[in-house]
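Student: Supplied in structure tokens, the structure appears directly below.
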There are 2 protein chains.
Amino acid sequence: MTTAQTFSIGALAARSGCKVPTIRYYEGIGLLPESPRTEGGHRQYGDEAVKRLVFVRRSRELGFTLQEVQSLLELSSDRARACAEVDAIASHHLSEVEHKIQSLTAMRDALSDLIEQCQRTTILECRVIDALSPVVATSEPSVRDAPLR
Amino acid sequence: MTTAQTFSIGALAARSGCKVPTIRYYEGIGLLPESPRTEGGHRQYGDEAVKRLVFVRRSRELGFTLQEVQSLLELSSDRARACAEVDAIASHHLSEVEHKIQSLTAMRDALSDLIEQCQRTTILECRVIDALSPVVATSEPSVRDAPLR
DNA sequence: CCTGAACCCTCTAGCAACTAGAGGTTCAAG
DNA sequence: CTTGAACCTCTAGTTGCTAGAGGGTTCAGG
């Protein structure tokens with residue numbers, strides 16, 4: 001007899017690997033459906049909730065935004081549908097991740113260069129501070145044109 | 001005669017590469033000192049402000065938090081001080097950056113594996129959805145123990 | 001001197017994705 | 001029945017800005 005078991009939000013948290021407040025938060029923003037309640041108002045869950053929540057957690061671990069997770073969840077429920085949209089979301093996300101890796105790598109290289117050069121003496125000679133400190137034209141607004149943004 | 005020139009927040013933005021609201025925000029949180037004002041209440045800046053702001057912008061580009069930037073600014077003003085603290089901040093930040101790179105790289109690898117495996121058919125066979133969807137024990141709370149947090 | 005455009009002002013609210021806390025209620029074991 | 005753990009809601013905080021409303025100032029041209 002595998003009767004449909006229900007369990008509390010704490011148990012769901014333990015089974016899914018999410019924290020209790022996070023689950024409530026997800027429900028609040030509509031990522032999880034509102035659960036049935038006990039008479040006293042406590043949330044009750046079943047195995048479906050665990051599945052959905054683990055799906056969310058894994059997606060989050062891969063760096064998908066909650067918006068993307070929402071879309072993935074919707075798409076995943078329609079099993080006959082073409083998975084091109086899933087692919088599009090994943091590919092787009094992949095390129096964002098790659099972009100982040102690139103800028104972090106650039107940061108890392110710049111930082112380690114700086115740190116290496118620093119001879120651990122005084123601020124006066126610190127390469128780190130040096131590199132951050134700009135040399136400003138003594139008075140006239142000559143740099144006015146630079147369209148930095 | 002290089003008289004001390006003053007200029008508006010817009011000009012400071014142009015010279016520093018920061019946006020106007022960002023400058024006001026920095027002032028609001030105490031990262032920049034309150035500037036003098038014109039009679040009408042407009043902020044007035046000089047070259048010092050440009051230096052400080054470019055320092056901030058460069059630090060931000062290297063990924064330092066505003067807290068860290070604050071500390072770096074304070075340290076940098078004391079030119080006789082040992083730069084060990086600067087080094088500590090930078091090194092700590094470097095290790096955080098490296099850590100982020102690692103987790104993003106792991107994400108990237110997992111994602112590109114998934115996407116590669118997906119044969120662009122239907123959701124039913126989509127590897128991406130597969131990988132995200134958990135296989136849950138049919139009823140009993142057997143996984144209860146996992147102390148994930 | 002006056003007008004009008006371009007700039008400036010403050011204040012509030014919003015984003016992502018939670019986390020923390022206050023203050024109160026329910027559940028389940030003993 | 002009592003107790004303490006777990007649950008409830010609600011608000012506010014985090015980071016680093018950005019956007020908007022609703023207004024005031026500045027300054028060059030006429």
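Since every read-out is calculated from the coordinates, none of them should be taken as a lab result. What you are looking at is a predicted structure, and each value in this text was computed from that prediction instead of being measured. So basically every Cβ, Gly included, is an ideal-geometry build from the backbone, and we count neighbours across all protein chains shown.
Student: In nm to one decimal, list the spacings between the B:Ser8 label point and its equivalents in the other copies, with label points set 7 Å along Cα to Cβ, shortest first.
Tutor: Here B:Ser8 shows inter-copy label distances of 6.2 nm.
Student: Please say if chain A is rounded, prolate or oblate, where rounded means a/c under 1.5 for a ≥ b ≥ c the square roots of the C-alpha gyration tensor eigenvalues, and otherwise the choice is prolate for a/b larger than b/c and oblate otherwise? Spell out each step's value before the answer.
Tutor: Details: a/c = 3.13, a/b = 2.36, b/c = 1.33.
In terms of gyration-tensor shape, prolate.
Student: Moving on to the next point. Report the convex hull volume per residue for region B:49-89, counting only C-alpha atoms, in Å³.
Tutor: On the way: hull volume 2.5 nm³, N = 41.
Once divided by residue count, the hull of region B:49-89 is 61 Å³.
Student: In terms of modelled amide H atoms, which long-range or inter-chain residues lie less than 5 Å from the amide H of B:Thr122?
Tutor: A:Cys83
Student: If the label for B:Gly46 sits 7 angstrom from Cα along the Cα-to-Cβ line, what are its distances to the same label in every other copy, in nm to one decimal, shortest first?
Tutor: 7.4
Student: With just the Cα atoms of region A:1-76, tell me how far they stretch along each of the three principal axes, in Å, largest first.
Tutor: 35, 28, 21
Student: Sticking with this one: Could you tell me the distance between the Cα centroids of region A:1-33 and region A:61-98, to the nearest Å?
Tutor: 22 Å
Student: Treating the beta-carbon of each Lys and Arg as +1 and of each Asp and Glu as -1, no other charges, what is the dipole magnitude of region B:35-111 about its Cα centre, to the nearest 20 debye?
Tutor: Values: 11 positive and 12 negative charges, 58 e Å.
Around 280 debye, computed over region B:35-111.
Student: Cross-link partners among lysines for A:Lys100, C-alpha distance below 19 Å, same-chain residues fewer than 8 apart left out?
Tutor: B:Lys100
Student: Need one value for B:76-88: mean number of C-beta atoms belonging to other chains within 10 Å of its residues' C-beta atoms.
Tutor: Numbers: counts 8, 2, 3, 6, 3, 4, 5, 12, 6, 2, 11, 8, 0.
Partner Cβ neighbours, averaged per residue: 5.
Student: Could I have the simple spin-label model distance between A:Glu85 and A:Glu39, label points 7 Å from Cα toward Cβ, reported in nm to one decimal?
Tutor: 4.3 nm
Student: Also: Roughly how big is region A:1-54's charge dipole about its Cα centre, with Cβ charges of +1 (Lys, Arg) and -1 (Asp, Glu), in debye to the nearest 20?
Tutor: Working: 7 positive and 5 negative charges, 36 e Å.
The calculated dipole for region A:1-54 is roughly 180 debye.
Student: Mind ranking B:34-40, A:84-90, A:110-116, A:19-25 by how tightly packed they are, going by the mean number of other C-beta atoms within 10 angstrom, highest first?
Tutor: Details: B:34-40: 9.4, A:84-90: 18.7, A:110-116: 16.4, A:19-25: 14.9.
Highest-to-lowest ranking by the protection proxy: A:84-90, A:110-116, A:19-25, B:34-40.
Student: So, how do all the Cα-to-Cα distances of region B:57-124 break down into 5 Å bins, in percent, from 0 on up?
Tutor: The distribution over region B:57-124 is 3, 14, 17, 15, 11, 8, 7, 7, 7, 5, 3, 2, 1, 0, given as percents.
Student: Just need the relative contact order of region B:3-129 here, percent rounded to a whole number, with Cα pairs under 8 Å and 6+ apart. If you can, show how the numbers build up before the last one.
Tutor: On the way: 79 pairs, mean separation 21.6, N = 127.
For region B:3-129, the relative contact order is 17 percent.
Student: Evaluate peptide B:67-75: per residue, the Cβ atoms of other protein chains within 10 Å of its Cβ; return the mean as an integer.
Tutor: Details: counts 0, 0, 1, 0, 0, 4, 2, 0, 4.
Across the residues of B:67-75, the mean count of other-chain Cβ atoms within 10 Å is 1.
Student: Mind checking which aspartates and glutamates have their Cα closer than 16 Å to the Cα of A:Lys51? Skip sequence neighbours fewer than 8 apart in that chain.
Tutor: A:Glu27, A:Glu34, A:Glu61, A:Glu74, A:Asp78, B:Asp130, B:Glu140
Student: State to the nearest 20 debye the size of the charge dipole of chain A about its Cα centre, where the only charges are +1 on K and R beta carbons and -1 on D and E beta carbons. Each step should come with its number before you reach the end.
Tutor: Numbers: 18 positive and 20 negative charges, 130 e Å.
About 620 debye.
Student: Oh, and also: To one decimal in nm, how far is A:Asp109 from the same spot in the other copies, if labels go 7 Å from Cα toward Cβ? Please give the shortest first.
Tutor: Copy-to-copy label distances at A:Asp109, shortest first: 2.2 nm.
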